[in-house]
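Trainee: Can you keep this structure in mind? I'll have questions shortly.
The values are calculated or read from the model by the stated rules, or taken from the named source; none is laboratory data. Predicted model only: the values in this text are computed from it and were never measured. Every residue, glycine among them, receives a Cβ derived from its backbone with ideal geometry; neighbour counts consider all protein chains shown.
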Amino acid sequence: MTANTKVATLVQDDHPRKSVLPDLRAPGLLAKLPIIGLVMFIFGSLMFGGLTYNLLAHGPLLAWDKALANTLPAIGLNSPPFVKVLMDSGFYLGKEVIMVLDILLALYFIYKKYWQELAMVTIGWTGSALLFYSLSTFIARQRPPTMIWIIVKIPGFPSGHAIATVTFYGLMAYLLAPKMRSAFWKGILVAAAMLIIAFVGFSRIFTGGHYLTDILSGYAVGIAWFGVVYTLIEIYFQKRRSQNV
């Protein structure tokens, strides 16, 4: 081996190749600015409270609920077959896809020993599921009688799909956006997350799986849960790191 070859080898060893996949570490923004999480929690809680009051008091939004529940599923039944496939995909994007991605991310974080991010994924998902089952069971609002294609019989206020999509896809945008090199791609990523969240909600209304206010209340719970749980997790791990210094 020549001297030049040895030097080249040393240079390569000192500069290992970067991984193609982004390093999914939380940016710590919520811990630095907990006011963001607080505002999200207050906004989501007030929004959910208002929508719940509208439901129990038979407020004006119920007219929109009934109009959309009668109109959109009827359109779906008279649509081409691809519409059914498209709208049903929203159901899976808000449930099974999230479950699979949560498991894969949890395994990734365990492998990398990223305990903060592991806590964010697991607590965020399990908490959103528990919130859905507890709140929907307590409020016990029946789903639209015009439901088509995928039939779900458990109560639907707030929407579990809406809670899960805000909690999961919002977290993905939070983890990935800081890794984007330009503001343009950061905006594209955030817009993509918001479009997925909106599409899942719309698909559930279109198929009669939920009323409009079910979806809106699910978004509200998801925003509140996102704000409180991810902020507290970041603050907790930040304090642990500072104590270990």
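Trainee: Say we look at the range 94-114 and pick out the residues that are in a helix (DSSP H, G or I) and among the hydroxyl-bearing types (Ser, Thr, Tyr); which of these is surrounded by the fewest Cβ atoms within 10 Å (Cβ to Cβ)?
Mentor: 111
Trainee: Given (1) of a type outside the set (A, V, I, L, M, F, W, C); (2) assigned to a helix (DSSP H, G or I); (3) crowded, with 18+ Cβ neighbours inside 10 Å; (4) in contact with a helix residue (DSSP H, G or I) (Cβ under 6 Å, 6 or more places away or on another chain), where does residue 186 come up short, assuming only one miss?
Mentor: Among (1) of a type outside the set (A, V, I, L, M, F, W, C); (2) assigned to a helix (DSSP H, G or I); (3) crowded, with 18+ Cβ neighbours inside 10 Å; (4) in contact with a helix residue (DSSP H, G or I) (Cβ under 6 Å, 6 or more places away or on another chain), the lone unmet condition for residue 186 is (3).
Trainee: A follow-up question, please. Just one of 134, 203, 182 is of a type in the set (Gly, Ala, Ser) and closer than 23 Å to residue 42 by Cβ; which is it?
Mentor: 134
Trainee: Among 30, 24, which is the only one that is surrounded by 15 or more Cβ atoms within 10 Å (Cβ to Cβ) and either assigned to a helix (DSSP H, G or I) or free of Cβ contacts under 8 Å to residues at least 60 places away in the same chain (or both)?
Mentor: Checking each option against the conditions leaves just 30.
Trainee: Can you tell me how many residues within the range 168-214 are aromatic (Phe, Trp, Tyr), farther than 20 Å from residue 84 by Cβ and touching a residue at least 12 places away in the same chain (Cβ under 8 Å)?
Mentor: Of the residues in the range 168-214, 4 are aromatic (Phe, Trp, Tyr), farther than 20 Å from residue 84 by Cβ and touching a residue at least 12 places away in the same chain (Cβ under 8 Å).
Trainee: Would you point out which residue out of 221, 200, 229, 166 is assigned to a helix (DSSP H, G or I), modelled with pLDDT of 95 or more and touching a His at 6+ places or on another chain (Cβ under 8 Å)?
Mentor: 200
Trainee: I've got another one for you. Looking only at residues that are under 25 Å from the mean Cα position of the chain (by Cα) and not hydroxyl-bearing (Ser, Thr, Tyr) in the range 74-91, which one is surrounded by the fewest Cβ atoms within 10 Å (Cβ to Cβ)?
Mentor: 85
Residue by residue, here is whether (1) surrounded by fewer than 23 Cβ atoms within 10 Å (Cβ to Cβ); (2) at pLDDT 95 or above holds:
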position: 150; (1), (2): yes, no
position: 194; (1), (2): yes, yes
position: 215; (1), (2): no, yes
position: 241; (1), (2): yes, no
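Trainee: Now for a separate question. Please pick out the residue among 128, 136 that is over 22 Å from residue 233 (Cβ atoms) and surrounded by 18 or more Cβ atoms within 10 Å (Cβ to Cβ).
Mentor: 136
Trainee: Moving on to the next point. Do we find that residue 55 is more than 21 Å from residue 197 (Cα to Cα), touching a residue at least 12 places away in the same chain (Cβ under 8 Å), surrounded by 14 or more Cβ atoms within 10 Å (Cβ to Cβ) and not hydroxyl-bearing (Ser, Thr, Tyr) in this structure?
Mentor: yes
Trainee: Please indicate, with yes or no, whether at least one residue in the range 51-65 is assigned to a helix (DSSP H, G or I), among the polar types (S, T, N, Q) and over 30 Å from residue 234 (Cβ atoms).
Mentor: Looking through the range 51-65, at least one residue is assigned to a helix (DSSP H, G or I), among the polar types (S, T, N, Q) and over 30 Å from residue 234 (Cβ atoms).
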